[in-house]
Ligand code: MG
């Protein structure tokens, strides 16, 4: 047993590359937790990094307003569940959902990485061991902020990205349908037909509607007309917190409806299953509560006959976490994967090594290295961490 002697929260900010959607990975909050033998675990949260940093460093005021760092110093990192619960219950004044849970996610990831290194085992074994043989990442592609331009340009950019994804070995692709008012619902039907044609018959195709509709009946009108194109799921059709609308939509949609990508904790995810009635949850490991909470959410999904396909729009740290999660879960059929070959983000390509797993015919082998199995680029961290 080697106890925690240091907890650092660092805002890493690399120069933006001109693609607004990529900026989600131009900044991240990196957590480094060090034990008394000098081993280091890393974690991240890409949401409002400066705020998360303060949340990690804030000092204890009283019983329900304890500082995360205060709780962790001197603790045993392998007690991941106990530490999660101590931080959750010790922060009721300012926590329970949202920002505190985002901070806790980065901490929880770093604890698992450190504990795995201490016992020389990959994180998925700490989570209980392999319950599947291989990992299945799906590619989130993005053509750039060009949805207000000519449709033919959008289609041609998407086409290029699909080719790169398939070349890389991916066999499932999610297309963002983010036209807003630039393309009406009727015109989306031939667009989706074109997307299916683009990927061919042997690739799983998903659509991300980016919260297009307020009224579930508008969403239903389109989804019913997309039945011929074999869509694996429709993400974010309705405003995020419109749970009653989701339940109505699920009743009539021929396509699986996903939601909860911005949800935090199992409590919020449970509402999505009970009130929203969706059969697919998409919370993220680096914002919804780390490994501890995602494993709990995966178990709840089993009770509801639902799937969990964790969100990822961050750096290689989050993507790698998802591989360990799928390995250890029964209810995760695939994980979101942001290939560095599909975007310009330096954090995605350079923050950790290896930046990319080898993907063969749609699958990645189970991780073998201790902890998360990735190494931090200390030079990049030194250069771009905001002092
Ligand atoms: Mg999403």
**Complete:** Relative contact order in percent for the stretch 131-235 (Cα pairs under 8 Å, 6+ apart) equals 27 percent
**Prompt:** Which value, in Å³ per residue, describes the convex hull spanned by the Cα atoms of the stretch 333-387?
**Reply:** 120 Å³
**Request:** Output the antiparallel fraction of DSSP beta bridges having both residues in the chain, as a percent to the nearest 5.
**Result:** 50 percent
**Complete:** The extension gain from residue 341 to residue 227, computed as 0.36 nm times the residue separation minus the Cα-Cα distance, is 38.0 nm
**Reciprocal of mean inverse Cα separation for the chain (Kirkwood radius, Å)** = 21.1 Å
**Message:** Could you check the spin-label model distance between residue 62 and residue 279? Points 7 Å from the Cα along Cα→Cβ, value in nm.
**Reply:** 4.9 nm
**Prompt:** Where does the chain land at 222 nm, in deg cm²/dmol rounded to the nearest 500, when only DSSP H runs of n ≥ 4 count, each adding -39500 (n - 2.57), divided by all residues?
**Reply:** -11500 deg cm²/dmol
**Complete:** If one builds a Gaussian network model of the chain from Cα atoms under 10 Å apart, the most fluctuating residue listed among 153, 331, 48 is 153
**Item:** Helix 185-199 axis, angle to the chain major axis (alpha carbon atoms, nearest 10°)
**Value:** 70 degrees
**Message:** Between 0 and 90 degrees, rounded to the nearest ten: what's the tilt of helix 290-304 against the longest Cα principal axis of the chain?
**Reply:** 50 degrees
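What FRET efficiency do you get for residue 134 and residue 202 if R0 is 22 Å and r is their Cβ-Cβ distance, rounded to the nearest 0.05? Walk me through the numbers before you get to the answer.
Details: r = 17 Å, r/R0 = 0.79.
That gives a FRET efficiency of 0.80.
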**Stretch gain in nm, segment residue 89-residue 365, where the contour uses 0.36 nm per residue and the Cα spacing is subtracted** = 95.7 nm
**Prompt:** Among 290, 67, 371, whose mean-square fluctuation peaks in a Gaussian network model of the chain (Cα, cutoff 10 Å)?
**Reply:** 67
**Item:** Residue list for the stretch 278-313, given a label point 7 angstrom along the Cα-to-Cβ vector of residue 251 and an amide N cut-off under 20 Å
**Value:** 278-280
**Asked** If you line up the long axis of helix 80-89 against the longest principal axis of the chain, both from Cα atoms, how many degrees apart are they, to the nearest 10?
**Response** 90 degrees
**Two-site FRET efficiency, residue 303 against residue 96, from Cβ-Cβ distance with R₀ of 22 Å, rounded to 0.05** = 0.45
**Prompt:** When only C-alpha pairs under 8 Å and at least 6 residues apart count, what is the relative contact order of the chain, in percent?
**Reply:** 21 percent
**Prompt:** So for the pair residue 17, residue 5, with labels modelled 7 Å out along Cα→Cβ, what separation do we get in nm?
**Reply:** 3.8 nm
**Request:** For the chain, with a Gaussian network of springs between Cα atoms less than 10 Å apart, report the residue from 319, 85, 108 with the top mean-square fluctuation.
**Result:** 85
**Prompt:** How high is the FRET efficiency from residue 217 to residue 358, r the C-beta distance, R0 45 Å, rounded to 0.05?
**Reply:** 0.50
**Message:** Based on alpha-carbon centroids, what's the gap between the stretch 335-368 and the stretch 200-256 in Å, whole number please?
**Reply:** 28 Å
**Complete:** In whole angstrom, largest first, the equivalent ellipsoid semi-axes that the Cα gyration tensor gives for the stretch 1-96 are 26, 18, 10
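Rule-based calculations on the coordinates, nothing more; no lab input. In this text the structure is predicted, and so the values were computed from the model without any measurement. Don't worry about glycine lacking a Cβ; one is built from the backbone with ideal geometry, like all the others, and counts go over all protein chains shown.
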